[in-house]
Every structure is written in C-alpha cells, then in structure tokens.
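Worksheet: one structure, shown below.
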Amino acid sequence: MIDLNPVSPCAGLLPIKIGALRLTEAEAGTITSLSPYKGREDTLSDALKAAHGMAFPAPNRTTGKDGSRAIWFGLRQALLLGPVPDAALAKHAALTDQSDGWSVVRLSGPGAADVLARLVPLDLRDGHFRNGHTARTDLMHMAASLTRISADSWQIMVFRSFAQTLAHDLKTAMQGVAARGGV
C-alpha cells in the first residue's frame, strides 16, 4: 500500500529572501468558510465573539490576530483562519472546511508594498490600505486575497494549485524592487 504524506502548498518553493524582503509560507491552521444564513449576520458575529474572541468582519476588513483571524472574503462571506470552528457557529452559518484548498504566504520587510504594487491593481499606500484591511483582487492573473498584517507585512492567499506561480511572480517582483534599491 502507498503511504501518503501531507505536503504544504509551498514545500520546496519558500522561503525566499532578497535584500530585506522575505517571503515565507504562513501557518494558517484550519481555514473555514463562514456564510451566514439569511438574517443571521448579527447572531453569527455574536457567536464568533463568544467562541473565538472576534466579530464577523466588515467588508474589506479583518478581525482577530495572528493564529486566530477572520477575513472578509466577499458579500456575506468570511474565512476563519486558525482555530477549528466552534460547533455553535453552525446554527448561524454554513461552515465549509477550505484548509487544503489555499496557499497562504507572508511577504514582509521594507518595500513589501512596492513589491505588491507591481502585481495588484490596488492603492496600497499607508493612508489608504491600513493594517487590518483586506481585499479580494487579481495578483497578476490569479484570484487572490490580500491582507495587510502590519506596516511591512502582508498575507497573500491564492488557490493551492497556483502556489508555484505565486512564488515565481513574487520573487520576480522582489528582485525588481531590490534592483532599484528599494530594499
């Protein structure tokens, strides 16, 4: 019988360090899609606060912290990253395990926003895209979720099947920023 072993999406691809920039695979834990039932957004938010210490996120925002975060993911949708969802949440929302479907990476260091500005059609300046802001966007030709974690740190999520392309595109942009003396 064949012995199958789990492999992370970015195994053998990351980490990448260029100048002061660092691209690493993030440990997301369990990734669960939360889709509130009609009229249950507020009760889901209350249940999420009680169970995991965070509210259901407003559009383009996140709640929680590293290791336990809720990320806005579209109209009446969020992703819970980190903990296994409390069973009480199922009374208020459809819960779907997405853990194996996503590649989650972290880009950090001075110039990280400059790297991303080469790849996404968003205004990433500090005054506009602040800590805790998130967006669903195109990253080159991939559908992505982009979340600002701190002043110089970003979480990027793409479908697992795009992990190699994501690493390549980010590395190329990192090299371009470094070559211009941006890091």
15 Å beta-carbon shell around R180, net charge (K/R +1, D/E -1): 0
According to a simple spin-label model (label point 7 Å from Cα along Cα-to-Cβ), what is the distance in nm between Q175 and V84? 4.3
Please go through the stretch 1-101 and write out the GluC sites (Glu not before Pro) that DSSP classes as loop and that have at most 15 other C-beta atoms within 10 Å. E27
Would you indicate which of (1) 15.0, 43; (2) 14.8, 51; (3) 16.9, 56 is the value of Rg and Dmax of the Cα atoms in Å derived from the coordinates of this structure? (3)
Could you let me know the centre-to-centre spacing of the stretch 1-42 and the stretch 149-172, using Cα atoms, in angstrom? 10
Take the chain, mark every one of the trypsin sites (Lys or Arg not before Pro) that falls in a DSSP loop and has at most 11 other Cβ within 10 Å, then report the longest stretch left between them, sites excluded. 39-124
Return the carbon/sulfur percentage of the accessible area of the chain, one whole number, probe 1.4 Å, all protein chains in place. 52
Mind pulling the angle between the C-alpha long axis of helix 41-52 and the longest principal axis of the chain? Nearest 10 degrees, somewhere in 0 to 90. 80
Starting from the Cα of R61, step 7 Å along the direction of its Cβ; do the same at N131; then give the gap between the two resulting points in nm. 1.6
For an R0 of 25 angstrom, estimate the FRET efficiency from the Cβ-Cβ distance between T43 and F159 and round to the nearest 0.05. 0.20
Net charge (Lys, Arg +1; Asp, Glu -1) of residues whose beta-carbon lies under 11 Å from that of S35, S35 excluded, is +2
Run the simple label-point estimate for K91 and L4 please: 7 Å along Cα→C-beta, distance reported in nm. 3.6
Among all the aspartates and glutamates, which ones have a C-alpha under 18 Å from K38's C-alpha, if same-chain residues fewer than 8 places away are not counted? D46
Residues with beta-carbon under 15 Å from that of G12, excluding G12: net charge, scoring Lys, Arg +1 and Asp, Glu -1? +1
Any idea of the accessible area per residue across the stretch 51-183, 1.4 Å probe, to the nearest Å²? 46
Take the cross-link list K17/K49; K65/K171; K65/K91; K49/K171 and give me the ones stretching past 32 Å between alpha-carbons. K17/K49; K49/K171
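The values are calculated or read from the model by the stated rules, or taken from the named source; none is laboratory data. Small disclaimer: the values here were computed from a predicted structure and weren't measured. Virtual Cβ from ideal backbone geometry, glycine too; neighbours counted across all protein chains shown. These accessible areas exclude ligands, DNA and RNA; they are computed on the full protein's heavy atoms, side chains included. Shrake-Rupley method; radii C 1.70, N 1.55, O 1.52, S 1.80 Å.
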